[in-house]
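J.: Below is the structure I would like to discuss, written out as structure tokens.
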């Protein structure tokens, strides 16, 4: 059937309510501006600048040569689940049965979607921070739930308080979704504040979904695994993945760990929508867990050096920036320019060819900030700081 | 602290003391002091640049790996002869190795002829040298940790949320 204008209007009408309800990415225009521009330094990325350590890639290559090209168990390869279970026990002291409490997913993104669809009924509320990672509220909306936002502020290090959560708990509240170390702020949560949230969740009978994809990327502070808090394991869905720690974003391999009733429900959905996580990626993840620790430590040490350079630099050029102790983002305030974060990002791109992400893309409380990823070369960070300095001087009020 | 500074400089010799100070939390003066001392102690020997010369000139220097079998001296072992061989400016690197030969030389010269001359006129005449095997380098794939062909273009999407 030939596609004509008339037909196209009709097609737009076939789009489901659900898909229409999803808010479009706030920075579509920004992507379009970027396309085709030369000489741009991008601090707008959300992934490591390293390629995957070669021994990890090689393990996958070898597995392909040996013919490991079939589906695996819906849960993921048993060896991988066993290694992951051991890794979590050794790192955080939490026990998960590799047979029933561990599910390998297509990145932590799938795990997040599964968690929502497995526990959220239409109209159920899920409490999360503002600002938050872009997929958080969309996943809740897709599950026909209602995202409820708790504002977090720079003065509090973008940490979330149990009291602020409790003020928003209603009879429809089903879960609290937290993601620390945080994208976009780089914030980490102190243990005491997590303990208070665990206490609240237990008392009010809430599930906690803890997205710990950046767990390995902390600087000078220990990451606290939410499930490791006393008693918390029973009401926690722990999400994680290999993307950030092992520089494996393109492999799409993540996981969910939770009590078996929840994993069983998530696996049911996973089985019908995905079947199993990509087999070569699972093989690579096995190698990462077996022999990747030194790579993680070396990359974290290197991010830390660049983190210090960018944070100091941003503060010096008049974009005050609180010290991010996790992930690989700096989240400076751009209020000195009087611009909205979207205006700032667009102008900075057009005039100085530096790409950053407007904080407003991550929620209302991100307004007045921009996200700068420092997983890029030191030379590029220095050059970006120079260009941004020129820009700020020009527009500072 | 010395190790941290050395690691940074080994990756990029052009990082300034001010940047190193930011990265390590030391003061700039301390960083300068540590670097000066390391230079004095010959821990830092030289600051060099890794260059892909093949992109600049089609027929540049010729390189060869030369295996040398030597008879160790009663007192000095391999050190005496190795120190002598190291004096030749053509010899860019020199290692004592385990296996079927003793010394491995990395040698550069303007032409193959010059390297051949070095082997026949200088090297093989040295007392203690029992035999040599010369391998000319045909193509360079990786230099000092850098893969020469590739890595020019970023494979990352410029913006990811």
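The values are calculated or read from the model by the stated rules, or taken from the named source; none is laboratory data. Predicted, not measured: the structure shown is a model, and the values here were computed from it. All Cβ positions, glycine included, derive from the backbone under ideal geometry; neighbour counts span all protein chains shown.
J.: Suppose we filter A:319, A:289 for residues that are more than 14 Å from chain B (Cβ to nearest Cβ), in contact with a helix residue (DSSP H, G or I) (Cβ under 7 Å, 6 or more places away or on another chain) and part of a helix (DSSP H, G or I); which single one remains?
T.: Details: A:319 fails: part of a helix (DSSP H, G or I).
Exactly one of A:319, A:289 is more than 14 Å from chain B (Cβ to nearest Cβ), in contact with a helix residue (DSSP H, G or I) (Cβ under 7 Å, 6 or more places away or on another chain) and part of a helix (DSSP H, G or I), namely A:289.
J.: Kindly list the number of the only condition in (1) surrounded by 14 or more Cβ atoms within 10 Å (Cβ to Cβ); (2) part of a loop (DSSP other than H, G, I, E, B) that fails for residue B:118.
T.: Looking at each condition in turn, residue B:118 falls short on (2).
J.: So which residues in segment B:49-65 are touching a strand residue (DSSP E or B) at 6+ places or on another chain (Cβ under 9 Å), under 17 Å from residue B:146 (Cβ atoms) and not in a loop (DSSP other than H, G, I, E, B), if there are any at all?
T.: If we filter segment B:49-65 for residues that are touching a strand residue (DSSP E or B) at 6+ places or on another chain (Cβ under 9 Å), which is where we start, we get B:50-52, B:61-65.
Going one step further and asking which of them are under 17 Å from residue B:146 (Cβ atoms), we end up with B:50-52, B:63.
Matches in segment B:49-65: B:63 only.
J.: Hey, could you check segment A:353-367 for residues that are more than 13 Å from chain B (Cβ to nearest Cβ) and surrounded by fewer than 19 Cβ atoms within 10 Å (Cβ to Cβ) and say which is farthest from residue A:32 (Cα to Cα)?
T.: By that ranking, first place goes to A:364.
J.: With the requirement that a residue be more than 20 Å from residue A:306 (Cα to Cα), in a helix (DSSP H, G or I) and touching a helix residue (DSSP H, G or I) at 6+ places or on another chain (Cβ under 6 Å), what does segment A:350-397 give you?
T.: Once the filter is applied, which keeps residues that are more than 20 Å from residue A:306 (Cα to Cα), in a helix (DSSP H, G or I) and touching a helix residue (DSSP H, G or I) at 6+ places or on another chain (Cβ under 6 Å), segment A:350-397 yields A:352, A:359, A:360, A:366, A:391, A:395.
J.: Listed residues A:299, A:248, A:266; which is in contact (Cβ under 8 Å) with a residue 60 or more places away in the chain, assigned by TED's automatic domain parsing to the domain that holds residue A:324 and surrounded by 19 or more Cβ atoms within 10 Å (Cβ to Cβ)?
T.: The unique qualifying residue is A:299.
J.: Report, by residue number, each residue of segment A:381-397 that is closer than 24 Å to residue A:35 by Cβ, buried (at least 17 other Cβ atoms within 10 Å of the Cβ) and within 14 Å of chain B (Cβ to nearest Cβ).
T.: Matches in segment A:381-397: A:381, A:384.
J.: While we're looking at this one, here's another question. Would a scan of segment A:41-60 turn up a residue that is outside the structural domain of residue A:217 (by TED's automatic domain parsing), touching a strand residue (DSSP E or B) at 6+ places or on another chain (Cβ under 8 Å), more than 22 Å from residue A:245 (Cα to Cα) and in a loop (DSSP other than H, G, I, E, B)?
T.: No; the residues of segment A:41-60 include none that is outside the structural domain of residue A:217 (by TED's automatic domain parsing), touching a strand residue (DSSP E or B) at 6+ places or on another chain (Cβ under 8 Å), more than 22 Å from residue A:245 (Cα to Cα) and in a loop (DSSP other than H, G, I, E, B).
J.: Next up: What's the total number of residues in segment A:24-43 that are more than 22 Å from the chain's Cα centre (by Cα) and either at the interface with chain B (Cβ under 9 Å from one of its Cβ atoms) or modelled with pLDDT under 75 (or both)?
T.: 5
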